[in-house]
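The values are calculated or read from the model by the stated rules, or taken from the named source; none is laboratory data. All of these numbers come straight from a predicted model, not from anything done at the bench. In this analysis, Cβ positions are derived from the backbone assuming ideal geometry, glycine residues included, and neighbour counts consider all displayed protein chains. Keep in mind that these areas ignore ligands, DNA and RNA; they rest on the heavy atoms of the full protein, side chains included. Shrake-Rupley method; radii C 1.70, N 1.55, O 1.52, S 1.80 Å.
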Amino acid sequence: MDIFDKIKKNFGPLGQYAKQAHGYYMFPKLEGEISTRMNFRGKERLIWSLNNYLGLANMPEVREADAQAAKDWGLAAPMGARMMSGQTKYHEQLESELADFVGKEASYLLNFGYQGMVSIIDSLVDRNDVIVYDSEAHACIIDGMRMHIGKRFVFPHNNMESCEKQLQRATKVAQETGGGILVITEGVFGMSGDMGNLKAIVEMKKRYKFRLLVDDAHGFGTMGKTGAGTGEEQGVQDGIDVYFATFAKSMAGIGAFVAAEEEIVKYLMYNLRSQIYAKSLPMPIVIGSLKRLELIRNRPELKDKLWTIVRALQNGLKERGFNIGNTQSPVTPVFLSGSVPEATQLTFDLRENYNIFCSIVAYPVIPKGSIMIRLIPTAVHTLEDVNYTLDAFEKIKSKLDSGEYAAGGMVDAAIV
Ligand SMILES: Cc1ncc(COP(=O)(O)O)c(C=O)c1O
């Protein structure tokens, strides 16, 4: 069997939809400056699908800092991996400020959240250690665990009774192997918007011996009194042993960081393969991130504005009878019943006739018969945007309920 022949016959779980979906549902091109209004297929749409939570992406101060740093340093600097020749005082300054902000002794920069998390898991555990994790953990956690050759136990999403059972099983294994236990969950789950039950997990530390690693990609900047994340929100930041967040969401940048006690961070610096064997984060990213962090710290009104929009949107949806699940964060899922063809018709209608662009998830990512629309409110949306969207959602729901989308026809005729 030729590998290419095999691949051409089976494009994989997502790739199988490429023919129908490419360019529209998947890999759509949003054009223009990042904002709540962008062009899609030549027409302006109201955008609800960017994790630009605090609206930093296009803030003049941010754009200026990015541009100035690019002018001063270019994209090449510094050359080489941190360990070899890519270390700078700016990288160290950002690490120290991030650690302060999330209340940890030290932090270390990661070029990408995804790869960083894979490497963090790989470096924290060895064959004798046991991992206990939430079933809805992000792909970067799942893939990090693929590197783990020891045992792992999963608990159903946020099911604390099962988490405790898995901890009991893990404790037995660890006693036999002489290893330790790492529990991994998320601060805010990016699809459903609910928080990991960090408080309950931290409470279990009284009964079981383990370390807790939290992916707070969606909680950093959005949750907690100061925006320091979901641990702060639940009053258990100190119980998180290894804190991780990406710059791809609230920071509206790229890169990520991991924070912990100093000695653990030092260990990670010398063992994270994603960083040891990769070039240092470019200077404009580092300097741009310093500016973003300064704004997150000094402009609490950005988070307040975000939450004004979040509450208006989520309350409005609930008042209109929509099921938004158990979200406790800005991530706003809307659960509807329908088939995949209905989901495509509905998304098409939203985009083409109401000019609303949001992401949609259907089977096989979620159970058959369900459609999940995901809205990401930001600090740069307005209450008018919310009201317009609520009206549109009321209309598409009645079309879905009356079977209009099941009749089909709309999409095939229009997508070129
Ligand atoms: C929960 C979670 N973890 C990790 C990542 C990966 O981060 P990055 O985009 O920096 O690779 C993402 C997505 O960005 C995410 O949503």
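For the residues Asp66, Asp5, Asp72, the requirement of being part of a helix (DSSP H, G or I) and over 30 Å from Leu290 (Cβ atoms) singles out Asp5.
Going through (1) farther than 18 Å from Cys140 by Cβ; (2) surrounded by 24 or more Cβ atoms within 10 Å (Cβ to Cβ); (3) not basic (Lys, Arg) one by one, Gly219 falls short only on (1). Among the residues of segment 137-161, those identified as more than 10 Å from the ligand (Cβ to nearest atom) and part of a loop (DSSP other than H, G, I, E, B) are Met147, His148, Ile149, Gly150, Lys151, Pro156, His157, Asn158, Asn159. How do the pairs read when you match residues in segment 129-149 that are assigned by TED's automatic domain parsing to the domain that holds Arg273 with residues anywhere that are polar (S, T, N, Q) and modelled with pLDDT of 95 or more, using Cβ under 6 Å and keeping only pairs 6 or more apart or on different chains? Close Cβ pairs (under 6 Å, with a partner that is polar (S, T, N, Q) and modelled with pLDDT of 95 or more) amount to Val132/Gln166; Asp134/Thr185. Within segment 8-23, can you find the residues that are part of a loop (DSSP other than H, G, I, E, B) and over 15 Å from Ala362 (Cα atoms)? Residues satisfying the conditions are Asn10, Phe11, Gly23. Total residues in segment 316-348 satisfying the condition of being open to solvent by 70 Å² or more (accessible area, probe 1.4 Å) and not hydroxyl-bearing (Ser, Thr, Tyr): the figure is 7.
Would you mind finding the one in Met160, Met147, Met204, Met191 that is open to solvent by 50 Å² or more (accessible area, probe 1.4 Å) and over 25 Å from Asn51 (Cα atoms)? Reasoning before the result, please.
Values: Met160 fails: open to solvent by 50 Å² or more (accessible area, probe 1.4 Å); Met204 fails: open to solvent by 50 Å² or more (accessible area, probe 1.4 Å); Met191 fails: over 25 Å from Asn51 (Cα atoms).
That would be Met147, the only listed residue that is open to solvent by 50 Å² or more (accessible area, probe 1.4 Å) and over 25 Å from Asn51 (Cα atoms).
Being away from the ligand (no atom under 16 Å from the Cβ), of a type in the set (A, V, I, L, M) and in contact (Cβ under 8 Å) with a residue 24 or more places away in the chain narrows it down to one of Ile285, Ile296, so name that one.
Numbers: Ile285 fails: away from the ligand (no atom under 16 Å from the Cβ).
Just one listed residue meets the conditions, Ile296.
Comparison of Gly235, Gly224, Gly253 shows that the only residue that is open to solvent by 10 Å² or more (accessible area, probe 1.4 Å), more than 10 Å from the ligand (Cβ to nearest atom) and in a loop (DSSP other than H, G, I, E, B) is Gly235.
Counting only helices (runs of 4 or more DSSP H) wholly contained in segment 306-416, the ones carrying 3 or more residues that are out of contact with any Leu (no Cβ under 6 Å at 6 or more places or on another chain) and of a type in the set (S, T, N, Q) occupy 340-353, 383-401.
Being over 22 Å from Lys305 (Cα atoms), under 20 Å from the mean Cα position of the chain (by Cα) and buried (at least 21 other Cβ atoms within 10 Å of the Cβ) is true for just one of Leu268, Leu213. Which residue is that?
Working: Leu268 fails: under 20 Å from the mean Cα position of the chain (by Cα).
Unique residue meeting the criteria: Leu213.
Of all residues in segment 103-118, those that are within 11 Å of the ligand (Cβ to nearest atom) have Cβ atoms under 7 Å from Cβ atoms of residues that are charged (D, E, K, R) and part of a strand (DSSP E or B), 6 or more apart or on another chain, in Met117/Asp215.
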